[in-house]
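Here the structure comes first, spelled out in structure tokens, and everything after it is commentary.
Derivation of every value follows stated rules applied to the coordinates shown; laboratory data play no part. Since the model is a prediction, treat every value here as computed from it, not as a measurement. Here the Cβ is made from the backbone with ideal geometry for all residues, glycine too, and neighbour counts use every protein chain on show.
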Amino acid sequence: MTESECISYKKSGYFTKLIIDYLEEKPELKQLYNRFPTVENFKKQIEEKKDNFPLENRAILVDELLKQYQKCTVSKITLNNIKHLNDTNTYTITTGHQLNLFTGPLYFLYKIISVINLCKQLKTSYPDHNFVPIYWMATEDHDFEEINHFQLHEKKIRWNKESFGPVGRLSTTGLEEVFDVFEKELGVGKNADFLKQLFQKGYLKHTNLADATRYIANELFKNEGLVILDGDATTLKKLFIPYVKKELLEETSFTKVNETAAILNDYNIQVNPREINLFYIEETLRERIVNDKGIYKVLNTTIAFSKEELLTELDNHPEKFSPNVILRPLYQEVILPNLCYIGGGGEIAYWLELKSNFKAFDITFPILLIRNSVVIVTEKQLTKTKKLNLTWTDLFSKQLDLINSKTKELSAVTIDFSAQKEFLKKQFEALYKIAEATDASFIGAVKAQEIKQTKGLDNLEKRLLKAEKRIHHDQLERIKLLQNELFPNQSLQERKLNFSEFYLEAGDRLIQSLLKNLKPLETNFTIITL
């Protein structure tokens with residue numbers, strides 16, 4: 001096994017049928033996306049976006065980014081990337097993520113590195129263009145319970161606080177106590193010191209969650225030119241006013257996304273549109289806007305508007321109108337010269353519902369790309385894997401299937417009665433013919449006997465498997481233990497563990513190894529040894 005190996009997304013067993021069918025370019029899904037993510041397809045995507053992105057939007061975007069970056073140290077490469085956005089030959093590749101405490105699960109890194117590496121690959125293929133990696137902070141989300149914790153050393157480190165309104169505006173007060181817990185868990189050493197300082201300077205030196213998250217993401221990726229964007233900005237929301245008006249008055253998204261949902265009947269629908277897909281937000285408020293017989297109300301409040309009052313409010317205070325999960329992608333593509341969105345399987349699933357809505361608003365639909373997925377393995381774990389004669393296909397299996405297959409492999413006897421069952425089946429086929437030729441009432445008795453004897457063979461097979469598991473108990477327990485280390489709680493490591501778990505041991509080698517090995521356009525689960 002080398003530093004980096006892989007297993008296909010399909011064989012990994014961790015991707016839905018919808019995503020696998022998308023990756024396999026099934027014909028029935030082609031109407032749901034613009035172009036499949038290949039290097040060649042970016043040429044036409046560039047041409048289409050160039051014709052459908054106003055030059056004046058670039059200047060507004062750059063001014064806002066420069067304003068947002070006044071709150072942290074900007075690297076030369078990031079500053080150049082921001083300034084390049086004024087040029088018509090510059091485009092973005094974007095990923096979005098919640099403001100998880102201390103970045104949350106590992107896949108925060110994988111999303112951003114997928115974006116960075118795709119920009120590098122596109123620059124090689126299209127040297128006359130510039131490609132800027134964007135991390136869109138989900139500052140207008142409100143589900144604090146999803147983001148207020150992270151896991152280190154099997155311990156959940158949680159920020160206990162009440163939260164109302166957009167999380168990006170949330171005060172960082174109370175994170176001193178979280179830091180005390182985190183600091184004790186880290187212990188001592190150079191890498192531990194880096195993580196402590198990153199947390200301290202991020203959360204204890206900034207007053208809100210958006211600024212804190214920007215600082216941390218910037219510190220981790222400023223040398224790669226990452227540009228971090230907060231969409232909760234008045235200047236950017238002004239660009240979105242015409243689309244908000246259309247949504248409020250025509251309920252466009254509700255109609256268009258529901259039309260698409262019918263095409264996805266064979267799959268689990270990811271999100272469902274509402275009649276109005278907008279929230280009304282203030283510092284500690286984020287509630288849906290609903291149309292109640294011509295009066296536009298903000299749910300769970302006394303705030304209400306006539307149509308004319310609502311449109312006046314929108315013109316005067318566009319920052320108070322926040323797109324939900326259905327409209328947020330449209331907002332992103334209105335304000336960015338974006339070519340491609342990179343996200344997890346769940347994100348891409350709901351993006352596949354949105355193409356007809358983009359067409360209704362006359363906005364170019366981006367290329368959709370599944371982010372890289374990774375399992376990080378230590379040298380010690382790699383040695384165990386080899387010693388136990390395990391493949392990555394084995395380790396990605398469900399644990400019961402893995403233990404059963406390894407028991408059969410280790411056993412000196414064959415724990416498979418398929419031949420006996422086939423023989424029994426043929427014997428009963430002969431008995432059925434005899435029954436049919438003599439007395440049809442015998443058929444029921446023959447059937448009952450067949451079921452009984454087949455069940456008896458099944459039980460014997462299970463008893464033999466159980467006996468063999470006892471014989472090979474020690475080795476099977478080692479296999480279980482290794483799989484549990486690599487797949488915590490029988491789940492993906494990238495969805496459970498925080499990057500600090502690996503940074504403590506590997507330091508910056510963690511980031512560098514990911515940058516070296518992640519290939520965004522290859523649809524494989526990457527296994528990286530640190």
* To do: List the residues whose amide H sits under 5 Å from the amide H of N208, counting only those 5 or more places along or on another chain, with H placed 1.01 Å from N in the peptide plane.
  => T172
* Structure fact -> re segment 391-490: pairs of Cα atoms spaced beyond 21 Å account for a percent value of 52
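Can you tell me the dipole magnitude for the chain around its Cα centre, using point charges on the Cβ only (Lys, Arg +1; Asp, Glu -1), in Debye to the nearest 20?
Here the chain has a charge dipole of around 1440 debye.
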* Specify which residue in the list V290, L195, Q512 is farthest towards the positive end of the charge dipole of the chain, using unit charges on the beta carbon of Lys, Arg (+1) and Asp, Glu (-1), about the Cα centre. => Q512
* How long is the chain along each principal axis, judged by its Cα atoms, biggest number first, in Å? -> 89, 62, 51
* Asked: When the Cα centres of segment 42-104 and segment 367-424 are compared, how far apart do they sit, in Å?
  -> 44
* Under-5 Å amide H pairs with V374, H placed in peptide plane, nonlocal only -> T526
* J(HN,Hα) series, segment 286-295, from Karplus relation 6.51 cos²θ - 1.76 cosθ + 1.60, nearest Hz, glycine and proline x -> 8, 9, 5, 9, 10, 9, 10, 6, x, 9
* Structure fact -> In Å, the Kirkwood estimate of hydrodynamic radius for segment 164-239 over Cα pairs equals 13.9
* Taking the Cα centre of segment 391-490 as the origin, how large is its charge dipole in debye, to the nearest 20, when only Lys and Arg (+1) and Asp and Glu (-1) carry charge on their Cβ atoms? -> 220
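Can you put D362, D416, D21 in order of Cβ neighbours within 10 angstrom, beginning with the fewest?
With the fewest neighbours first, D362, D416, D21 line up as D362, D416, D21.
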* Asked: Which order do peptides 483-495, 113-125 fall in by mean Cβ count within 10 Å, highest first?
  -> 113-125, 483-495
* **Integer Hz, Karplus 6.51/-1.76/1.60 couplings in order for segment 88-98, x for Gly and Pro** => 6, 9, 10, 9, 10, 10, 10, 10, x, 7, 5
* C-alpha long axis of helix 418-438 to longest principal axis of the chain, angle in ° -> 60
* Structure fact -> Helix 209-221: inclination vs the chain longest Cα principal axis, degrees, rounded to 10, gives 70
* Rounded tilt (10° steps) of 241-250 against the dominant C-alpha axis of the chain -> 60
* To do: For Y14, enumerate residues with amide H under 5 Å from its amide H, sequence gap 5+ or separate chain, H modeled in the peptide plane.
  => none
* Report the local net charge at F361: Lys and Arg +1, Asp and Glu -1, summed over other residues whose C-beta lies under 14 Å from its C-beta. => +1
* Quick one: plug the Kirkwood hydrodynamic radius of segment 346-441 (C-alpha pairs) into Stokes-Einstein at 37 °C, 0.692 mPa s, and report D in µm²/s. => 163
* Order these peptides, 161-171, 397-407, 324-334, 294-304, by their mean beta-carbon neighbour count within 10 angstrom, highest first. => 324-334, 161-171, 397-407, 294-304
* To do: Go through 437-445, 180-188, 145-153, 273-281 and give me the packing order, highest mean Cβ count within 10 Å leading.
  => 273-281, 145-153, 180-188, 437-445
* To do: Of the listed pairs K123/K155; K30/K67; K10/K246; K123/K245; K387/K469; K26/K387, which have alpha-carbon separations greater than 30 Å here?
  => K123/K155; K30/K67; K10/K246; K123/K245; K26/K387
